[in-house]
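See below for the structure under consideration.
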Amino acid sequence: MEHSGTREAVQYRGSILPLVRLANHLPSTAPGAPGSASDDSIQVIVYQDGDLYIGLVVGKIHDIIEESFDLQPGSAGMGLRGSAIVQCQITDLVDVPAALATAGFNLSQAA
């Protein structure tokens, strides 16, 4: 991991990929909630908005799926879109643009 200005970053496909630790910009949910990994490795989801790429640092990637669900807005707010039942588990869904706005990214002006 390197730094670009005051942000953590990595080299990605010949460019600089800024990193955002989602746990720092979302409400704390429970003990053991996603945070930084205990070893030197990190797990990153690459988010794209137009020509802008941002690495979302997460505690653990459990699975990558494609599934329909009913969004329930009960937990909406503060970087969350709401909750849904995904693969038989209650899952909070991140409002990525809102979480990135708290990290200082204005996606509407990025394009």
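The values are calculated or read from the model by the stated rules, or taken from the named source; none is laboratory data. Note that the structure is a prediction, hence the values are computed from the model and not measured. We place every Cβ from the backbone using ideal geometry, glycine too, and count neighbours over all the protein chains shown.
Per the conditions (1) farther than 21 Å from Ile90 by Cα; (2) at pLDDT 90 or above, the sole criterion not satisfied by Ile65 is (1).
In the set (1) at pLDDT 90 or above; (2) of a type in the set (A, V, I, L, M, F, W, C); (3) under 17 Å from the mean Cα position of the chain (by Cα), Leu107 fails one condition alone, (1). Scanning the range 45-60 for residues that are surrounded by 10 or more Cβ atoms within 10 Å (Cβ to Cβ) and assigned to a loop (DSSP other than H, G, I, E, B) gives a single hit, Gly59. Within the set Ile61, Ile90, the sole residue that is touching a residue at least 12 places away in the same chain (Cβ under 8 Å) and among the aliphatic types (A, V, I, L, M) turns out to be Ile61.
Name the one entry in Val86, Val58, Val96 that is closer than 22 Å to Ser15 by Cα, out of contact with any helix residue (DSSP H, G or I) (no Cβ under 8 Å at 6 or more places or on another chain) and of a type in the set (A, V, I, L, M). Give the steps one after another, and end with the answer.
Details: Val86 fails: closer than 22 Å to Ser15 by Cα; Val58 fails: out of contact with any helix residue (DSSP H, G or I) (no Cβ under 8 Å at 6 or more places or on another chain).
Answer to the selection: Val96.
Does Thr91 satisfy the condition of being more than 13 Å from His25 (Cβ to Cβ) and of a type in the set (S, T, N, Q)? Judged against the criteria, Thr91 is a match. Can you find a residue in the range 79-86 that is modelled with pLDDT under 90 and over 14 Å from the mean Cα position of the chain (by Cα)? No, because not a single residue in the range 79-86 is modelled with pLDDT under 90 and over 14 Å from the mean Cα position of the chain (by Cα). Contact map, the range 35-54: first residue at negative phi, second residue assigned to a loop (DSSP other than H, G, I, E, B) and modelled with pLDDT of 75 or more, Cβ cut-off under 6 Å, separation 6 or more or different chains; pairs are Gly35/Gly59; Gln43/Ile61.
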